[in-house]
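Worksheet for the structure shown next.
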Amino acid sequence: FHGIISREQADEILAGVEGAYILRESQRQPGCYTLALRFGNQTLNYRLFYDGKHFVGEKRFESIHDLVTDGLITLYIETKASEYISKMTTNPIYEHIGYATLLREKVSRRLSRTKNESRKASVTSEENTPVEKITSLVRRAALTQNDNHFNYEKAHNFKVHTFRGPHWCEYCANFMWGLIAQGVRCSDCGLNVHKQCSKYVPNDCQPDLKRIKRVYCCDLTTLVKAHNTQRPMVVDSCIREIEARGLKSEGLYRVSGFTEHIEDVKMAFDRDGDKADISATIYPDINIIAGALKLYFRDLPIPVITYDTYSKFIEAAKISNPDERLEAIHEVLMLLPAAHYETLRYLMIHLKKVTLHEKENFMNAENLGIVFGPTLMRPPEDSTLATLNDMRYQKLIVQILIENEDVLF
């Protein structure tokens, strides 16, 4: 550290020593610090920041030495291989091998909106594709004829990653450079790509079950794709159990089960997945299973009725004309992601069955709307006032979905 010195003085100190660097306090902005780095026979100056780690751009470093090392690598690559970098995404391996070839036709389809046709996710199977062993993408993405995936579109969940040793991008098959944070990795499927290449990767993530650590609190689409199911198996298992022995239970979904037992069910699903035992032998009180189902919906990071569609549903609920309101709700339903739509459709069919036993369980569509409104839809902004103002519309939306499930779905 050289205190307050000018750029010219820094240049004199570093002259002729390629890769050398010093730190100085800025003359123009006292209290601000500059990294002066010698590269390419010139002195480069970077504003230096610190928030527990050192940085001049997005990457954070434990030491200035690591920052400089990474910077020199990056400067060298960008100087010597600018043509290489500019062509990286123009002829990507991704377009010819692995994910893209095998899943090209896997785009979300909205099936018929007719009254008698329920909308279901289609399953596609791909023939074995001969592939060259170029990157680990091949190993992971060579989906065989027996490895079917439900046709739900999902974006990759990319996070900055530090690779140990040389690594290659699985989009463009080019080298990833840098000391740390050389690229990004999808935390759901493990795809490794350059940060700049991640912008071009299509929404075709196929989550790896080994990477999905839990069932509750997991993104709905991620979970169903990882388990290769149309809906979350929690929903199927709980509804199957409730319909087998609980449809006539008084106050179904309104009466709460013991919290600790509901947590036990949650832990069982997180631990055992679809093999979780929620039978009457283990949990004789059906309200525990109903509570576990409601908890699953409440714990979703993105509600079944997504944040993106929330305001549109609320606006639709405010329409006074019943026919126009129904049509508006139907149009918004079409905007839901496929896995969310299928889950909501299946739940509404179940809740309609619950209302058919209203004489025994005392749960009509309005009562179920009160229970499931805030469970299935939450305002994007965490506002108590907004939640209170919208509660009656949340209830109304679910009530309408139950009463008209055969028409809307």
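Under 20 Å from the Cα of residue 199, which lysines turn up, not counting those fewer than eight places away in the same chain?
59, 87, 106, 154, 159
Expected output is a single nm value to one decimal: the length gained when fully extending between residue 245 and residue 18, i.e. 0.36 nm times separation in residues minus the C-alpha distance. What is it? Don't jump to the answer; show the numbers that get you there.
Values: separation 227, 0.36 × 227 = 81.72 nm, distance 7.74 nm.
Length difference between fully extended and current span is 74.0 nm.
Just to confirm the number: angle between the C-alpha axis of helix 64-80 and the first principal axis of the chain, 0 to 90 degrees, nearest 10?
80
Please give the helix 307-317 orientation as an angle from the longest Cα principal axis of the chain, in degrees from 0 to 90, rounded to the nearest 10.
Compared with the principal axis, the helix lies near 40 degrees.
What whole-number value in Å² describes the accessible area per residue of the chain for a 1.4 Å probe?
That works out to 51 Å² per residue.
Using a 1.4 angstrom probe on the protein heavy atoms only, could you order 307, 76 from most to least accessible area?
Order by accessible area, largest first: 76, 307.
Using only DSSP helix segments of four residues or longer, with each worth -39500 (n - 2.57), what per-residue ellipticity at 222 nm results for the chain after dividing by its residue count and rounding to 500? Can you show the working numbers first?
Numbers: 16 runs with 171 residues, N = 409.
My calculation for the chain gives -12500 deg cm²/dmol from helical runs alone.
Using Cα positions and a limit of under 27 Å, work out the lysines in reach of residue 318, with same-chain residues fewer than 8 apart set aside.
Here the lysines satisfying the reach criterion relative to residue 318 are 115, 294, 352, 353, 395.
Report the accessible area of residue 238, computed with a 1.4 Å probe over the heavy atoms of all protein chains in place, in Å² rounded to the nearest 10.
0
Does anyone have the angle between helix 286-299 and the longest principal axis of the chain? Alpha-carbon axes, 0 to 90°, nearest 10?
With rounding to tens, the tilt is 30 degrees.
When all protein chains stay in place, what accessible area (Å², nearest 10, 1.4 Å probe) is found for residue 357?
50
Quick one: how many Å² of residue 18 are accessible to a 1.4 Å probe, rounded to 10?
Residue 18 has an accessible surface of roughly 100 Å² with all protein chains in place.
Can you list the aspartates and glutamates whose alpha carbon sits under 13 Å from that of residue 359, skipping same-chain ones fewer than 8 residues off?
The qualifying aspartates and glutamates are 250.
Can you give me the relative contact order of the chain as a percent, contacts being Cα pairs under 8 Å and 6 or more apart?
Working: 647 pairs, mean separation 47.5, N = 409.
Relative contact order here is 12 percent.
Quantify, in whole percent, the carbon and sulfur part of the accessible surface of the chain (1.4 Å probe; protein heavy atoms only).
For the chain, the apolar C and S fraction of the accessible surface comes to 50 percent.
Normalised by the empirical 2.2 N^0.38 Å for globular proteins, what value does the Cα Rg of the chain take?
With N residues counted in the chain, Rg over 2.2 N^0.38 Å equals 1.28.
Using the Karplus curve 6.51 cos²θ - 1.76 cosθ + 1.60 with θ = phi - 60°, work out ³J(HN,Hα) for each residue of region 183-190 in order, rounded to whole Hz, and write x for Gly and Pro.
Coupling constants for region 183-190: x, 10, 10, 6, 6, 9, 10, x Hz.
Rank 87, 353, 395 by accessible area, highest first, at a 1.4 Å probe radius? All intermediate terms of the calculation are to be shown ahead of the outcome.
Details: 87 115, 353 80, 395 50 Å².
Correct descending sequence by accessible area is 87, 353, 395.
Working with all protein chains in place, sort 90, 281, 387 by solvent-accessible area computed with a 1.4 Å probe, largest first. Kindly include the intermediate steps, with their values, before the conclusion.
On the way: 90 100, 281 125, 387 45 Å².
Final ranking, largest accessible area leading: 281, 90, 387.
Given the Cα-Cα distance of residue 203 and residue 356 and 0.36 nm per residue of separation, how much length would full extension add, in nm?
Value of the extension gain: 51.0 nm.
Between region 333-403 and region 160-196, what's the alpha-carbon centroid distance in Å?
42
Only four residue types carry charge here, +1 at the Cβ of Lys and Arg and -1 at the Cβ of Asp and Glu. Report the dipole size of the chain about the Cα centre in Debye, rounded to the nearest 20. Don't skip to the end; give the middle numbers.
Working: 52 positive and 54 negative charges, 56 e Å.
In total the dipole reaches around 280 debye.
For the chain, modelled as a Gaussian network with Cα springs under 10 Å, which listed residue fluctuates most, 371, 56, 235?
In this elastic network of the chain, the residue with the biggest mean-square fluctuation among 371, 56, 235 is 56.
The values are calculated or read from the model by the stated rules, or taken from the named source; none is laboratory data. As the structure is a prediction and not an experimental result, all values here were calculated from the model. Counting neighbours? That spans all protein chains shown, and the Cβs are built from the backbone with ideal geometry, glycine included. Surface areas here come from the heavy atoms of the whole protein model, side chains and all, with no ligands, DNA or RNA. Shrake-Rupley method; radii C 1.70, N 1.55, O 1.52, S 1.80 Å.
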